[in-house]
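Asker: Got a structure for you, written out below as structure tokens; questions coming shortly.
Quick note: the coordinates plus some simple rules give every number you see, no bench work behind them. Just so it is clear, the structure is predicted and the values come from calculations on it, not from any experiment. No Cβ is skipped: glycine too gets one built from the backbone with ideal geometry, and neighbour counts run over all protein chains shown.
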Amino acid sequence: MSSASSAVDLLGLDPETWRPQFLHAGDRLWLETNCYIDVWAELLPALGHPAEAALAFTVLQDFEGDQFTFFKFPLDDLQGLFGLSVQELAIYDTVETHTLEQLRRGRPVLIEVDSHWLPDSGPTYRKAHAKTTVAAIALDPTARRLGYFHNTGYHALDGEDYDGLFHREMKDGLFPYVEFIKRSGQTLEGAALASASVERLRGHLGRRPALNPVTAWRRDLPRHLETLAAREMDYFHLYAFNLPRQLGANFEMLGTYLQWLGDLDEAATACRRIAEESWAVQFQLARMAKRRKFDSAALKLASIEANYDLVMGTLVARFA
């Protein structure tokens, strides 16, 4: 496939002037959630859509045995609410070439990349390797420059970072997972958007966990703490990301959604308490890990369990 070098910039954004969007406002407790949620939290408003309208799915979060559900915007919801069709992008040429082709068609491209090459990755930049997702918005192959959404903002990279990200020097290896976003469907607004969002909520509530997921986590905690006791601090950070962070961030997002719906203040406040208490549990676990002394009974989970029941009870009574 031919790879012409003309640059494409879908939105004309400037990384220097871009400011984090509503779901990344400075008063958020869990400012960063996970890479997929974070990239959409910036991308949706940039495309003209209120991201909070698509958060009904957060009622689905469950305890999966070794983690809380890595929560992600369901693709059906994005299409039904905003007319965004997310398709897998088959990679048989270079990722750079395919990305340029889709950007020319007006389609943002979601790429799984190595955060090693992302200047916005902070202290791990050029030091560590981790999978993450970016949304490519602007691409200039000649200048070797990429404009992309990642974490809480819009960024640009070039030079060696560009070469590393697109594996320009690698002759073989596995292709990354890539998606593109077709912006050709019906976009809902106002009352129609609110009504469609509530219908999504009703459907998701019908598939909510049968057991309080915090209760399920508490039952498995002694086994988890045995593993934490046998591992180094690097393992704790991974555990904290996949359990208290995903739990707390998910329910902070659910609280935001309930505020957007309106007239659900008590449930929204309970979601905020879950987010705060998950943060506190993460710090409890960190202290235990540093001292190498673990006690599952000392972790303050009872209030989180009770607030979960309050939230779900309220939503089921109102919508299910």
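Asker: For the chain, modelled as a GNM with alpha-carbon contacts under 10 angstrom, which of Thr269, Thr99, Thr227 fluctuates the most?
Answerer: Highest fluctuation of the listed residues: Thr227.
Asker: Across 5 Å bins from 0, what is the distribution of all Cα-Cα pair distances for region 209-319, in whole percents?
Answerer: Taking every Cα pair in region 209-319, the percentages come to 2, 12, 22, 23, 16, 11, 7, 5, 2, 0.
Asker: If you don't mind, another one. Would you give the gap between the C-alpha center of region 30-101 and the C-alpha center of region 122-187, rounded to a whole Å?
Answerer: One Cα centre to the other: 16 Å.
Asker: Can I ask one more? May I ask for the Kirkwood hydrodynamic radius of region 1-115, worked out over all distinct Cα pairs and given in angstroms to one decimal? Intermediate values should be presented prior to the final figure.
Answerer: Numbers: mean 1/r = 0.0610 Å⁻¹.
Mean inverse Cα-Cα distance, inverted, gives 16.4 Å.
Asker: Given a cut-off of under 8 Å on Cα pairs at least six residues apart, what relative contact order in percent is computed for the chain? Numbers along the way, then the final one.
Answerer: On the way: 505 pairs, mean separation 75.2, N = 320.
Relative contact order of the chain: 23 percent.
Asker: List the lysines whose alpha-carbon lies under 19 Å from that of Lys300, not counting same-chain residues fewer than 8 positions away?
Answerer: Excluding near neighbours in sequence, the set is Lys290.
Asker: Rank by packing, highest mean first: peptides 186-199, 155-168, with packing defined as the count of other Cβ atoms within 10 Å averaged across residues. Mind dumping the intermediate values first?
Answerer: Details: 186-199: 13.6, 155-168: 17.6.
Packing order, densest peptide first, comes out as 155-168, 186-199.
Asker: Among Leu110, Leu201, Leu310, rank each residue by its count of other Cβ atoms within 10 Å, from fewest to most, as a rough exposure measure.
Answerer: Details: Leu110 25, Leu201 22, Leu310 17.
Ascending number of Cβ neighbours within 10 Å: Leu310, Leu201, Leu110.
Asker: Report, to two decimal places, the Cα Rg of the chain normalised by 2.2 N^0.38 Å (N = number of residues).
Answerer: On the way: Rg = 20.8 Å, N = 320, 2.2 N^0.38 = 19.7 Å.
Rounded to two decimals, the normalised Rg is 1.06.
Asker: Follow-up. What number, in percent, do you get for the relative contact order of region 184-320 if the mean sequence gap of Cα pairs under 8 Å and at least 6 apart is divided by its residue count? It would help to have the intermediate numbers written out before the result.
Answerer: Values: 108 pairs, mean separation 43.6, N = 137.
32 percent.
Asker: In which sequence would Ser115, Ser184 go, from the one with the fewest C-beta neighbours within 10 Å to the one with the most? Walk me through the numbers before you get to the answer.
Answerer: Working: Ser115 21, Ser184 10.
Fewest-to-most ranking of Ser115, Ser184: Ser184, Ser115.
Asker: Shifting gears a bit: When Phe251, Phe63, Phe82 are ordered from fewest to most other Cβ atoms inside 10 Å of their Cβ, what list results? Each step should come with its number before you reach the end.
Answerer: Details: Phe251 29, Phe63 21, Phe82 26.
Fewest-to-most ranking of Phe251, Phe63, Phe82: Phe63, Phe82, Phe251.
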